[in-house]
Amino acid sequence: MKEDFFTYQAQTTPHPLAMEISHADGSYIYDTNNKAYLDFVAGVSACSLGHKHPRVVNAIKAQLDKYLHVMVYGEYVQKTAVEFTKLLASQLPNPLEKTYLTNSGTEAIEGAMKLAKRVTGRSELIAAKHAYHGNTQGAMSIMGFEERKSAFRPLLPAINFIEFNNEADLAKITTKTAGVILETIQGGAGFIEPKNDYLKKVKQRCEEVGALLILDEIQPGFGRTGKLFGFQNYNSVPDIVVMGKGMGGGMPVGAFTASAELMDSLQDQPKLGHITTFGGHPVIAAACLATLREITESDLMPKTLEKEKLFRSLLHHKYIDEIRGKGLMLSLIMKNSAIANRIILGCQEEGLILFWLLFEPKAVRITPPLTISSAEIRQGCAIIMKVLNTIED
Ligand SMILES: Cc1ncc(COP(=O)(O)O)c(C=O)c1O
């Protein structure tokens, strides 16, 4: 199987982890030798309710028995998508009300970028240094890491960058700016939180010049930081919120939400200005609905903050410089990248899944399912400490 994986499936790096998966359940993934791995990564923040959550699986099965794809996005009234977008609207602050469903996070970013241009009639988009918003060419254009994108130029013109949390840079947002797009918590950069009401100040500057604020909640969203969306922790409401990953409970999805007034502009001039075949797929929407119901009807969201405290209390070591992030979006910043690599690979051998961040080589990702138990957190942290203690100076 592994040989065929390397022969027939395109790779994204020369050295993928290549663990052979048998099945997954709750907080555990099992390999084909039936070795259990405690999952502190959750498919890179995607499996918000752990693996094969019964509520999600049952919702998918119920929809499978009714219908699969029947029509391109936006033409027919399909119950699971309608119920999901309605429930989502009830959970969002005004005026965020109308949602466009896509197949992935990066497509939702593309839609949000287009919406900002369409609404303002302007072309400039401003993003942050070290930002990650996806890998299609529009999303890559706003990626703040030249080394990873220069091979794919030319990308979109009229993209400018500011430094996250740098208030002096807000002067770069002008009447030429269609939209400012930021991750609420910078992910790939090392889980950097906004400080000193930064997002509120960005929003104020956007309002002054008539630009839209787009917040990328694809990673912090869906309960991971103690609120449904990260921005709800930081006194700011964006004009467009973009989501994905955890919203599908393990199924592929993305979405962007805005006021009805903004979103309705996509219907006309030009007509069909943003279209997709599979966006809003009824089976995926069923998974999203079940996931959102579970997250909002349970105590999972407030519990993420208690779980964060537990992680922080258990992980102290001379090789850990800092623990960044909020809730269950945490990263260990190690003394150096060699130690980060040793921890990730060493823990995998010991049956604990950890992972890297995109642009911060000293970081170790801890983004477990929101459903992880205290006992599982203790078990995983004990493995991290054990592996750390094997590393010599
Ligand atoms: C903040 C952020 N934006 C956008 C994306 C892209 O989402 P997708 O991989 O579903 O296209 C990701 C994925 O890692 C992300 O973390």
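The values are calculated or read from the model by the stated rules, or taken from the named source; none is laboratory data. Keep in mind the model is a prediction, meaning the values are calculated, not measured. Quick reminder, even Gly has a Cβ in these numbers, built from the backbone with ideal geometry, and neighbours come from all protein chains shown. Surface areas here come from the heavy atoms of the whole protein model, side chains and all, with no ligands, DNA or RNA. Shrake-Rupley method; radii C 1.70, N 1.55, O 1.52, S 1.80 Å.
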- [ ] Please work out if Asp268 is under 27 Å from Leu125 (Cα atoms) and without any contact (Cβ under 8 Å) to a residue 24 or more places away in the chain.
- [x] yes
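Listed here are the residues, each with its yes/no results for (1) more than 16 Å from the ligand (Cβ to nearest atom); (2) touching a Cys at 6+ places or on another chain (Cβ under 9 Å); (3) under 24 Å from Gln91 (Cβ atoms).
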position	(1), (2), (3)
Phe152	no, no, no
Glu163	yes, no, no
Glu183	no, no, yes
Arg205	yes, no, no
Ala211	yes, no, no
Asp216	no, no, yes
Val242	no, no, yes
TODO: Could you check how many residues of segment 262-318 are of a type in the set (Asp, Glu), in a helix (DSSP H, G or I) and out of contact with any Gly (no Cβ under 8 Å at 6 or more places or on another chain)?
DONE: 3
- [ ] Could you figure out which of (1) open to solvent by 20 Å² or more (accessible area, probe 1.4 Å); (2) more than 17 Å from Phe278 (Cβ to Cβ) isn't true of Leu92?
- [x] (1)
Open item on the list: I'd like the full set of residues that are surrounded by fewer than 24 Cβ atoms within 10 Å (Cβ to Cβ), of a type in the set (S, T, N, Q) and either at negative phi or within 14 Å of the ligand (Cβ to nearest atom) (or both), limited to segment 244-278.
Closed with: Ser259, Ser265, Gln267, Thr276, Thr277
- [ ] Scan segment 175-200 residue by residue and report those that are open to solvent by less than 50 Å² (accessible area, probe 1.4 Å) and assigned to a loop (DSSP other than H, G, I, E, B).
- [x] Thr184, Ile185, Gly187, Gly188, Ala189, Gly190, Phe191, Pro194
- [ ] Search segment 130-149 for residues being open to solvent by 60 Å² or more (accessible area, probe 1.4 Å), at pLDDT 95 or above and under 17 Å from Thr12 (Cα atoms), and hand back the single one that is farthest from the ligand (Cβ to nearest atom).
- [x] Gln137
Open item on the list: So Ala171 passes all but one of these: (1) crowded, with 23+ Cβ neighbours inside 10 Å; (2) more than 16 Å from the ligand (Cβ to nearest atom); (3) not in a strand (DSSP E or B). Which condition number does it fail?
Closed with: (1)
Open item on the list: Every residue in segment 325-338 that is surrounded by fewer than 21 Cβ atoms within 10 Å (Cβ to Cβ) and in contact (Cβ under 8 Å) with a residue 40 or more places away in the chain, please.
Closed with: Ile333
TODO: Name, by its number, the condition in (1) within 27 Å of Leu358 (Cα to Cα); (2) buried (at least 19 other Cβ atoms within 10 Å of the Cβ); (3) away from the ligand (no atom under 16 Å from the Cβ) that does not hold for Pro157.
DONE: (2)
TODO: State whether the residues of segment 35-42 include one that is on the phi > 0 side of the Ramachandran plot and either in contact with a helix residue (DSSP H, G or I) (Cβ under 8 Å, 6 or more places away or on another chain) or open to solvent by less than 30 Å² (accessible area, probe 1.4 Å) (or both).
DONE: yes
- [ ] For segment 41-56, indicate whether the set of residues that are closer than 24 Å to Glu308 by Cβ, within 16 Å of the ligand (Cβ to nearest atom), among the hydrophobic types (A, V, I, L, M, F, W, C) and in a helix (DSSP H, G or I) is non-empty.
- [x] yes
Open item on the list: Of the conditions (1) crowded, with 19+ Cβ neighbours inside 10 Å; (2) free of Cβ contacts under 8 Å to residues at least 40 places away in the same chain; (3) of a type in the set (Gly, Ala, Ser), Ala363 satisfies every one except a single condition; which number is it?
Closed with: (2)
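To keep it simple, each residue is scored yes or no on (1) open to solvent by 70 Å² or more (accessible area, probe 1.4 Å); (2) within 19 Å of the chain's Cα centre (by Cα).
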| site | (1), (2) |
| --- | --- |
| Ala62 | no, no |
| Val72 | no, no |
| Val77 | yes, no |
| Glu97 | yes, no |
| Thr102 | no, yes |
| Ile109 | no, yes |
| Leu125 | no, no |
| Ala128 | no, yes |
